[in-house]
Amino acid sequence: MPTRRTIATAAVVALPTLLLYARAQPAPARRLTPAQTEGPFYPVELPADADYDLLRNGNVRYTRGQPAWLEGQVLDPEGRPVAGAQVEIWQCDEDGHYHHPGDRGRADPAFQGFGRVQVDRDGRYRFRTIRPAPYSGRTPHIHVKVKLGGRELLTTQVYVQGEARNERDGLWRRLSPEAREAVTLPFRPGVDGLHASFPIVVEA
């Protein structure tokens, strides 16, 4: 019959093996970011100024709306940064107008309306913009597209957590509860405006 000392010794010997086994188990794959429609207002022609700062179009500063930062990481399902990925966003101005012929050119020229950045080595991106504004028939949202080389990996939209119009928006309502949670973001106050974090998971 084994003694207490024998049992204790066996447990000490087995512990490293158990720890190694636990560490060797792969982490569960991340859920892919849900896709949504591109919408009718992707720019027909990209603006001359298409950087991260949508609040400055050339030398003109946009001063309406609530300034906000939208930032995050682009990762694959295993949690690895997607090197070389480009992230694009586009949205309407505070009055609900896009830089697009379908909106009859009513957008404020001071609002860049479109931005594009390349992720850093950790997959991070960042945009300076405004809290999304509503327009007729839609809740506030920002369009997001991820590209890698000549491939489009994702087109989706992000929404504002707690926005009452979400429940009346057809595209938002079509999402499953899990998908809504993934693309509906809190825009939290900060010292330099609102901040929203949008982690993006794509198959690269």
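The values are calculated or read from the model by the stated rules, or taken from the named source; none is laboratory data. Quantities reported herein were computed from a predicted structural model and do not represent experimental measurements. Here the Cβ positions follow ideal geometry from the backbone for every residue, glycine too, while neighbour counts run over all protein chains shown. Ligands, DNA and RNA are stripped out before the accessible areas are found, and what is left, the full protein with its side chains, is counted by its heavy atoms. Shrake-Rupley method; radii C 1.70, N 1.55, O 1.52, S 1.80 Å.
List of remarks:
- Taking 0.36 nm per residue of separation and subtracting the Cα-Cα distance, full extension of the segment from ARG30 to LEU46 would add 2.5 nm.
- Rel. contact order, % - alpha carbon contacts under 8 angstrom, at least six apart, region 87-197: 21
- Relative contact order for region 45-116, counting Cα pairs under 8 Å that sit 6 or more residues apart, in percent: 45
- For HIS141, the residues whose amide H sits under 5 Å from its own are ALA133, ignoring neighbours fewer than 5 places away on the same chain, with H placed 1.01 Å from N.
- Theoretical ellipticity at 222 nm over the chain - DSSP helices of four or more residues, -39500 (n - 2.57) apiece, nearest 500: -5000 deg cm²/dmol
- Estimated at the nearest 10 Å², the accessible area of ARG106 is 120 Å² with a 1.4 Å probe.
- If you take all other residues with their beta carbon under 15 Å from the beta carbon of ALA133, and give Lys and Arg +1 and Asp and Glu -1, the sum is -2.
- When you restrict to C-alpha pairs under 8 Å that are six or more residues apart and normalise by the size of the chain, the relative contact order lands at 27 percent.
- Counting only alpha carbon atoms, the long axis of helix 4-24 and the longest principal axis of the chain meet at about 30°.
- Within the chain, longest stretch free of exposed GluC sites (Glu not before Pro) [DSSP loop, at most 15 other beta carbons within 10 Å]: 79-202
- Annotation: average projected area of the chain is 16.7 square nanometres, based on the convex hull of Cα atoms across all directions.
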